[in-house]
Protein chains: 2
Amino acid sequence: METRRDIFQAIADPTRRAIIGLIAITAMTPGDLAAHFNTSRQAISKHIKVLVECEVIKQRNAGREILYQLDLNKMKEVDEWLEKYRCLWEKRFDQLENVLEKLKTKKK
Amino acid sequence: METRRDIFQAIADPTRRAIIGLIAITAMTPGDLAAHFNTSRQAISKHIKVLVECEVIKQRNAGREILYQLDLNKMKEVDEWLEKYRCLWEKRFDQLENVLEKLKTKKK
DNA sequence: TATATATGCAACCATTTAATTGCACAAGAA
DNA sequence: TTCTTGTGCAATTAAATGGTTGCATATATA
């Protein structure tokens, strides 16, 4: 077993993306998180486990409660992957500008 | 069946991310793509199908060949999702700068 | 026309995933 | 101490995933 997990698999599930959204700013307990979804608390706990394994979220114990919060560093990995494609669509935007520029000169 | 797919599920698989990387700039046929992997051509075709269903790539017929190329618009969806978190880590960077600033004034 | 090539699609299979239920255990509250 | 609450973990299950092989079809090439 011990499936190799990564951030891309972590954000593939819509429930996990929702969890990420909820604990981006404020840390929350599994119980509080589960209250936001239709599924069982244990199901949410499993999603949390995946997120922790991928190091997308970090935990902090407070008595019998456990507070989970987003770790932005891992989110940057997705950003870095996107980086190379971002320059492509910016390039395309430049090309579009070139086309517009040419049309403008044509009109003159 | 007819699983509801989205871009996040599309990029979850490492093989599909590799395909995306290969056809980002130049369009390629399934056969040419398959030559880059250890798996069968049909397996690659399945990945392509997922990517097409998610509208991450677009196809263009050329005789009996089919050319696939990345559609950057869908990639932007990931970028837009990241947008809200990006401002968070930039904010954190600002806070770090504030800390450094305070330390500097303390030294004076 | 006959043959080779490029591709998609269907059937099948092993593994993974996401969810459920039940239970154990530690930390507060009575 | 006894009870309640918050949590993690194990077992089970249905569905999805990623891969395989075999086959049908359309387009090139001999």
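Couple of notes before you dig in:
- Within the range A:1-44, backbone nitrogen closer than 20 Å to the virtual label 7 Å beyond the Cα of A:K58 toward Cβ: A:6-8, A:10-11, A:19-30
- Spacing of the modelled spin labels on B:S45 and A:S45, each 7 Å from Cα toward Cβ, amounts to 4.5 nm.
- Pairs from the list A:K91/B:K74; A:K58/B:K49; A:K46/B:K58; A:K58/B:K91; A:K76/B:K76; A:K84/B:K49 with a Cα-Cα gap above 25 Å: A:K58/B:K49; A:K46/B:K58.
- Accessible area of B:R5 in the full protein assembly, 1.4 Å probe (Å², nearest 10): 80 Å²
- Over the range A:2-85, volume per residue of the alpha carbon convex hull, in Å³: 102 Å³
- Exposure ranking of B:K76, A:K49 by accessible area [1.4 Å probe, largest first]: A:K49, B:K76
- Ordering A:H36, B:H47 by accessible surface, largest first, gives A:H36, B:H47; the 1.4 Å probe counts only protein heavy atoms, with every chain in place.
- Heavy-atom accessible surface of A:T15, to the nearest 10 Å², is about 40 Å², with a 1.4 Å probe and all protein chains retained.
- For B:Y85, the solvent-accessible surface with a 1.4 Å probe is about 10 Å², rounded to the nearest 10.
The values are calculated or read from the model by the stated rules, or taken from the named source; none is laboratory data. Note that this is a predicted model, so its numbers are computed, not measured. Don't worry about glycine lacking a Cβ; one is built from the backbone with ideal geometry, like all the others, and counts go over all protein chains shown. The accessibility values were calculated without ligands, DNA or RNA, using every heavy atom of the protein model including side chains. Shrake-Rupley method; radii C 1.70, N 1.55, O 1.52, S 1.80 Å.
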